[in-house]
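Structure, as structure tokens:
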Amino acid sequence: MESFDYLFFLEVLTGGLLSGVMYSFVAIGFVLIYKTSGVLNFAQGALLLFAALTFVSLVERGVPFYLALALTFAIMVLLGIGIERAVLRPLVNKPPITLFMATLGLSYIIEGAAQLLWGTQVHALELGIEDVPFEFYGVFISQFDLFASAVAALMVIGLTLFFRYTRVGLTFRAVADDQFAALAVGLRLPRIWATVWATSGLVALVAGLLWGARSGVQFSLSLVVLKALPVLVLGGFDSIAGAIIGGLLIGASEKLAEVYIGEYFGGGIEGWFAYAIALVFLLIRPSGLFGQKLVERV
């Protein structure tokens, strides 16, 4: 019997956890909108694509890196506010399926606008970090994955502190807990929703740059949101902490499953293993690990 290779196990586990941080960051874009307005924003992937494509297209046209970053940030904030005012605000108090279908249609409109503005060609995005491994106590770790995960982790920590300790963040939490009570004490929900959508645009920008640099800026980039769905099922649709834990669990489990049991299923299980886990969670705990239960048992 062959001895277990602990270093290889740690290498696979580390790679999975780093990918999981990236999944968490995409999932947080969903959580921000869902917590404050109850909308499952399926257009988050299109926003991610639009941000990455806008940035790389500006850079390719000679705009300096940081100026392109600032311009893309401003565009994403305005786009987020515009979506809230033009699409979501008129649909307030509509059934959830109506809101979901609105964001689904919106995702195709945003992708079409990106294609109209910037074309359909694939772009390489360079952030100055080479995707080469380095050795850490016998474990090889990708430099870019470590950089991307560090950026995502800092953004997650920043958003968590923002929601917990700032006045605006506390306002967001109040709206998330009870919209009617927040409205009764004088909080202006439209302004809060617009701010949340602007923040979601910022999250989409950072996630788009990281994923675009990792796999190239192309229209399939919008499908990265599909990786966030199992994360949300595990962690809960209304919990930032759940998005973090869920992302780490999904990232680690799919990598380990591919390496250690993938051969028994013919390989390639990394693409669907996360959804199998999500399905089990839906049957056992539909609200996720940290999600709010809609019905309490008597």
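The values are calculated or read from the model by the stated rules, or taken from the named source; none is laboratory data. What you see is a predicted model, and the numbers here were worked out from it, not measured in a lab. A quick note on method: Cβ atoms are made from the backbone with ideal geometry, for glycine too, and the neighbour counts reach across all protein chains shown. Each accessible area value is taken on the protein alone, full model and side chains, heavy atoms only, with ligands, DNA and RNA left out. Shrake-Rupley method; radii C 1.70, N 1.55, O 1.52, S 1.80 Å.
Can you give the extra length, in nm with one decimal, that the chain gains between PHE265 and ARG188 once fully stretched, where that is 0.36 nm per residue apart less the Cα-Cα distance?
Working: separation 77, 0.36 × 77 = 27.72 nm, distance 5.31 nm.
Computed gain between PHE265 and ARG188 is 22.4 nm.
Over the chain, with a Gaussian network built from C-alpha contacts below 10 Å, which listed residue (THR98, THR199, THR72) shows the highest mean-square fluctuation?
THR98
If you build a Gaussian network model of the chain, linking Cα atoms that sit under 10 Å apart, which residue out of GLY242, GLY16, GLY112 swings the most?
GLY112
Got a number for carbon plus sulfur as a percent of region 31-151's accessible area, 1.4 Å probe?
It is 68 percent, rounded to a whole number.
Would you look at the GNM of the chain, springs on alpha carbons closer than 10 Å, and say which of ALA198, ALA150, ALA52 moves the most?
It is ALA150.
Between the alpha-carbon centers of region 14-87 and region 98-147, tell me the distance in whole angstrom.
One Cα centre to the other: 10 Å.
Compute the longest continuous run of the chain that contains no exposed chymotrypsin sites (Phe, Trp or Tyr not before Pro); treat a site as exposed when its DSSP state is not H, G, I, E or B and it has at most 16 other Cβ atoms within 10 Å.
On the way: sites that count: PHE4, TYR137, TRP272.
The reported range is 138-271.
Which length gain, in nm to one decimal place, applies between GLN143 and ARG61 when the Cα-Cα distance is subtracted from 0.36 nm times their residue separation?
In short, 26.7 nm is gained.
Starting from the amide H of ASP238, placed 1.01 Å from N in the peptide plane, find each other amide H under 5 Å away whose residue is 5 or more places distant or on another chain.
Excluding prolines and chain starts, which carry no amide H, the hits are GLN292.
Can you tell me the FRET efficiency between ASN93 and ALA153 if r is taken as the Cβ-Cβ distance and R0 is 30 Å, rounded to the nearest 0.05? Let's see the in-between values first.
Numbers: r = 37 Å, r/R0 = 1.22.
Efficiency at R0 = 30 Å is approximately 0.25.
What does the charge dipole of region 4-162 about its Cα centre add up to, to the nearest 20 debye, if the Cβ of each Lys and Arg holds +1 and the Cβ of each Asp and Glu holds -1?
Details: 5 positive and 10 negative charges, 207 e Å.
Dipole magnitude for region 4-162 comes out near 1000 debye.
At R0 = 41 Å, how high is the FRET efficiency between SER215 and ARG167 if r is their beta carbon distance? Nearest 0.05 is fine. If you can, show how the numbers build up before the last one.
Working: r = 38 Å, r/R0 = 0.93.
The formula returns an efficiency of 0.60 here.
Please give the per residue accessible area of region 1-110, computed with a probe of 1.4 Å over protein heavy atoms only, in Å².
Values: 5110 Å² over 110 residues.
The answer is 46 Å² per residue.
Return the distance in nm (one decimal) between the two label points of a simple spin-label model at PHE9 and ALA241, each offset 7 Å from Cα along Cα→Cβ.
2.9
I want to check the label-to-label distance for GLN121 and LEU282. Put each point 7 Å from Cα in the C-beta direction and report it in nm to one decimal.
Going by the 7 Å Cα→Cβ label model, 4.1 nm.
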